[in-house]
Structure formats: structure tokens, C-alpha cells
Amino acid sequence: MNGSSGKPHAPPNAIYPGSFDPLTLGHLDVIERAAAVFPRVLVAIVVNPQKREPLFTLDERKSMIIAATKHIQNVEVADFRGLLAGFAKRIGAGVIVKGLRVVSDFENEMSTALMNRSLSGIDTMFVPSDPQYSFVSSSLVKEVFFLGGEIDQYVPEAVLHVMRAKRATLRPTEPSEEKHPS
Ligand code: PNS
């Protein structure tokens, strides 16, 4: 990559934002692939997702990501409130990374990417989901888990431990087949 001066550009640092409630193997795959391309990847947890109240606290979400990414040298974890564009600009991110699982993700992600670029000048790069994770989402994983299904193949080991502990906290005396309250 050469700039107009003829000098090579350093690749930008990336920010990978999300709710991560919880981190899935699909998220982890995107992080690993982004970390192979960009010198530094900051996984940025939104503190108060607009969608709904998270099941996991910020500290839980953060520690699950730190544990699951400890094998990747150039990954860091942070959290932010408010606008992603403002946070990405403040920390000097050069690119926003987003995963795309299915075609329907694209419609929303396209306008979000354009808005973020308009607000901050920072472009979004999309990483297509590995087909084995294209149906895996945090919300489905939670639903399956709290209805008693197996989720070992969809979340990192560290997440599974925390989820088991959370289930015990939520319903200490009831069978795992019960749906969680949210
Ligand atoms: O994992 P999610 O829930 O799909 O992540 C969504 C997230 C956190 C990337 C998105 O909600 C976000 O960017 N929130 C910050 C608020 C913001 O910047 N809104 C304007 C978007 S153009």
C-alpha cells in the first residue's frame, strides 16, 4: 500500500464493536480474522445496548472476551457509551470491523456504516461470517441454553462457564428446561 508520497501506509488499527451478550464463536472468528489483518483490534463493548437490557453485566462480558481472546496477542478489550463514531475517533481507530452473517444483516449494517463514516470519517470493513456460524447469534444461544439445549459448539469455553454460573444464579432450584425471565 503506497500513499501519494510513495511511502507505504501503515495498516489501520481496528475497532470491533458489539453488545457481546455473550461473545459467541462467530464473534471470536471475526476477531481472529481481523487480528490477522490489522495490527491492533480493539473489541469495544457497548455499555447500554439500545436493543434491550443485557443479561450479562459489563464486567462479565469483558472478562469472558478477555479469557476467550487471550491466545491473540494484538487484541484488547474496552467499553464505550453513546456514539460509536465518537468513541472510535477519540481512540484513533482507522477502521470499524463488522461481521455479516446473512444477507438481511447487510441492509442495516450498510446504513450504519455510512452514518458512522459521515460522522467520523472512519470506514467500516465487513467480515463475512464463516458459514458454520452464520446462524449463531447471542440471543439464540441464550434462548437455547436457558431452554436446556447444548451450546458448547457455539460459544467459547470461558463463556460456557459463566453461562452455567448465571443459570444457577437465576434459577437455583429449577430445572434447566425452564426459560430464563427476560
Ligand atoms: O452486537 P450488536 O448489538 O449488534 O452491536 C450493535 C452496536 C453496539 C455495534 C451498535 O448498536 C452501536 O454502534 N451502538 C452505539 C450507538 C451508536 O453509535 N448508534 C449510531 C449508529 S449509526
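The values are calculated or read from the model by the stated rules, or taken from the named source; none is laboratory data. A quick note: this is a predicted structure, and the numbers were derived from the prediction, not measured. Here the Cβ is made from the backbone with ideal geometry for all residues, glycine too, and neighbour counts use every protein chain on show.
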(message) If F38 satisfies all but one of (1) out of contact with any strand residue (DSSP E or B) (no Cβ under 8 Å at 6 or more places or on another chain); (2) under 22 Å from Y133 (Cβ atoms), what's the number of the condition it fails?
(response) (1)
(message) Residues that are under 16 Å from the mean Cα position of the chain (by Cα), part of a strand (DSSP E or B) and either within 14 Å of the ligand (Cβ to nearest atom) or over 23 Å from R40 (Cα atoms) (or both): does segment 105-116 have at least one?
(response) no
(request) Could you please let me know if A93 is part of a helix (DSSP H, G or I) and either modelled with pLDDT of 95 or more or surrounded by 11 or more Cβ atoms within 10 Å (Cβ to Cβ) (or both)? (result) no
(request) Quick one: A44 ticks every box in (1) within 11 Å of the ligand (Cβ to nearest atom); (2) touching a residue at least 60 places away in the same chain (Cβ under 8 Å) except a single one, so which number is it? (result) (2)
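Considering only segment 136-161, state which residues are outside any helix (DSSP H, G or I) and hydrophobic (A, V, I, L, M, F, W, C).
Of all residues in segment 136-161, those outside any helix (DSSP H, G or I) come to 136-137, 147-156.
Once the filter is applied, which keeps residues that are outside any helix (DSSP H, G or I) and hydrophobic (A, V, I, L, M, F, W, C), segment 136-161 yields V136, L147, I151, V155.
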(request) Exactly one condition in (1) of a type in the set (A, V, I, L, M); (2) surrounded by fewer than 18 Cβ atoms within 10 Å (Cβ to Cβ); (3) within 13 Å of the ligand (Cβ to nearest atom) is not met by I65; state its number. (result) (2)
(request) Determine whether F80 is more than 16 Å from the ligand (Cβ to nearest atom) and crowded, with 17+ Cβ neighbours inside 10 Å. (result) no
(request) Kindly list, by first and then second residue, each pair from a residue in segment 132-147 that is more than 18 Å from L100 (Cβ to Cβ) to a residue that is among the hydrophobic types (A, V, I, L, M, F, W, C) and within 13 Å of the ligand (Cβ to nearest atom), limited to pairs with Cβ atoms under 8 Å and residues at least 6 apart or on different chains. (result) K142/L55
(message) Step by step: first the residues of segment 117-135, then only those that are within 13 Å of L84 (Cα to Cα) and assigned to a helix (DSSP H, G or I), then the one that is nearest to the ligand (Cβ to nearest atom). Which residue is that?
(response) L119
